[in-house]
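Here's the structure we're looking at; comments come further down.
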Amino acid sequence: SVPLFTGYEIAAADTGFHLLRIEGIKEGLLAGQFPVRMQPNWLQGYGYATGIFYCDTYLYIPALLRIIGFPVGLTYLLYKLLVNFVTVILSYYSFSKMFKDKWAALLGTMLYTLNIYRLVCMYLKDHLGQYTAMAFLPLLAYSIWRLLKEDTESNEYRNNWIILTVAATLIVQCHILTCELALLFCLIIGIVFVR
């Protein structure tokens, strides 16, 4: 998260688009819309329905910060900080449950959180949906691991659908392409471990 403490946002490929989305949600909420479907700040006041094409669920957090007076750039930096925090927490939780060793979980968390592709998506390309979805992928992997590892007669196995559903729901609310890739991963795992 060190780049987030520079005091400014590094202009990346999609930064302007996401800042406009945050501002649009803020304007829509102030206009009385919930959920915001038509963001009034686009196209010279005519509005644009970006929420139809890109899921805005998680952008309500910076939009609410924007409503209470935070500058739009700062709200976006705080959002990225929150995503990093959630990524670390969920990675450590998932890896510690899988490996049953805190050092292995810490190593897995470091490798996943500092993955160069995740960092490029966050800081160079600024693909908000993709790096947000990456925060929840370890939870999905943990739920799949539980399906394969645990005794099918145990109560923990019967309740695994909860973690699997939560992980899939959190991912689909971020980025559809990541959701499709996760589904492909689950299908391959299902085929390989069909027995």
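The values are calculated or read from the model by the stated rules, or taken from the named source; none is laboratory data. Just so we're clear, the structure is a prediction, and the values are computed from it rather than from any experiment. No Cβ is skipped: glycine too gets one built from the backbone with ideal geometry, and neighbour counts run over all protein chains shown. Just the protein is used for accessible areas: all its heavy atoms, side chains included, with ligands, DNA and RNA removed. Shrake-Rupley method; radii C 1.70, N 1.55, O 1.52, S 1.80 Å.
Worth a mention:
- Dipole-positive endmost among 90, 73, 10 within the stretch 1-105 (Cβ charges, Cα centre): 90
- A dipole drawn for the chain from +1 and -1 charges on Cβ atoms has a positive end, and of 142, 121, 187 the residue lying farthest that way is 142.
- C-alpha center-to-center spacing [the stretch 162-185, the stretch 111-133] in angstrom: 16
- Entry comment: accessible area of the chain is 58 Å² per residue, from protein heavy atoms only and a probe of 1.4 Å.
- Whole-number percent relative contact order across the chain, with pairs defined as alpha carbons under 8 Å at least 6 apart: 19
- Our estimate of slack between residue 194 and residue 43, defined as 0.36 nm per intervening residue step minus the Cα-Cα distance, is 49.2 nm.
- Two-site FRET efficiency, residue 68 against residue 102, from Cβ-Cβ distance with R₀ of 41 Å, rounded to 0.05: 0.60
- Protection proxy ranking for 124-130, 43-49, using the average of other Cβ atoms within 10 Å per residue and placing the highest first: 124-130, 43-49.
- For the stretch 1-57, the alpha-carbon coordinates run over 36, 19, 18 Å along the three principal axes, in decreasing order.
- Nitroxide proxy distance, nm - points 7 Å out along Cα→Cβ at residue 81 and residue 110: 2.4
- The chain - convex hull of alpha carbons, volume per residue in Å³: 138
- Whichever lysines have a C-alpha closer than 20 Å to that of residue 80, once near sequence neighbours (fewer than 8 apart) are set aside: 26, 125
- Fluctuation leader among 22, 171, 163 - the chain, Gaussian network, Cα springs under 10 angstrom: 163
- Check: the chain dipole with +1 on Lys, Arg Cβ and -1 on Asp, Glu Cβ, in debye: 200
- Surface composition of the chain: carbon and sulfur make up 71 percent of the accessible area, probe 1.4 Å.
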